[in-house]
Amino acid sequence: MFFDATPKIFELARKLRMQTTPAEEHLWNYLSKNQLGVRFKRQHPINKFIADFYCHPLKLVIEIDGGIHNDAEQKEYDIGRSEELEKFGITVIRFTNDEVINDSETVLKKIKSVIARAPFSSLKGKS
């Protein structure tokens, strides 16, 4: 579930859980308590990364990107990061802060669509 994450990554994830962004907090209101039929964890360590939200049974990461992610160098890093996570069989979907805050309905539809298409549908609802 953690793909060899180090204690340092676990500590950083713990700190990040105490400093959530408004967009992360907003989406967490929909993802927490199995509201979509699957359990998500926030600021979850995966190898050398920390996923904003992670559903282990579906191997699904949801990332929320702020304005810094528009920077060309950051975009390149994000692509590489997603590729590394995909090597673990993890699907990564991304949304902007603006999408989460101003178009939550569309964001939730996209997440629900990914959940519905997940190959491990028999695991849904289990954590």
Value at 222 nm in deg cm²/dmol, rounded to 500, when DSSP H runs of n ≥ 4 in the chain each add -39,500 (n - 2.57): -13500 deg cm²/dmol
Hull-based mean projected area of region 1-113, where the convex hull spans the alpha carbons, in square nanometres: 6.8 nm²
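Let me have the relative contact order for region 16-57, percent, based on Cα pairs under 8 Å that are six or more residues apart.
29 percent
Per residue, how many Å² of accessible area does the chain show with a 1.4 Å probe? Kindly include the intermediate steps, with their values, before the conclusion.
Details: 7440 Å² over 127 residues.
Averaged over the residues of the chain, the accessible area is 59 Å².
For region 23-57, state which trypsin sites (Lys or Arg not before Pro) are in a DSSP loop and have at most 12 other beta carbons lying within 10 Å of their beta carbon.
Working: sites: 33, 39, 41, 42, 48; in loops: 39, 48.
Loop-located and lightly packed - none at all.
Tally up the carbon and sulfur contribution to the accessible surface of the chain as a whole percent, 1.4 Å probe, everything protein left in place. The partial results should precede the final answer.
Details: 3860 of 7440 Å².
Roughly 52 percent of what the probe reaches on the chain is carbon or sulfur.
Could you tell me the relative contact order of the chain? Use alpha-carbon pairs under 8 Å, at least six residues apart, and round to a whole percent.
Across the chain, relative contact order equals 27 percent.
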For residue 94, distant residues with modelled amide H under 5 Å away: 63
Prolate/oblate/rounded label for region 45-105 (Cα gyration tensor, a/c 1.5): oblate
Beta bridges by DSSP in the chain, antiparallel share as percent, to the nearest 5: 55 percent
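The values are calculated or read from the model by the stated rules, or taken from the named source; none is laboratory data. All of these numbers come straight from a predicted model, not from anything done at the bench. Methodologically, a virtual Cβ is constructed for each residue, glycine included, from the backbone with ideal geometry; neighbour enumeration extends over all protein chains shown. Each accessible area value is taken on the protein alone, full model and side chains, heavy atoms only, with ligands, DNA and RNA left out. Shrake-Rupley method; radii C 1.70, N 1.55, O 1.52, S 1.80 Å.
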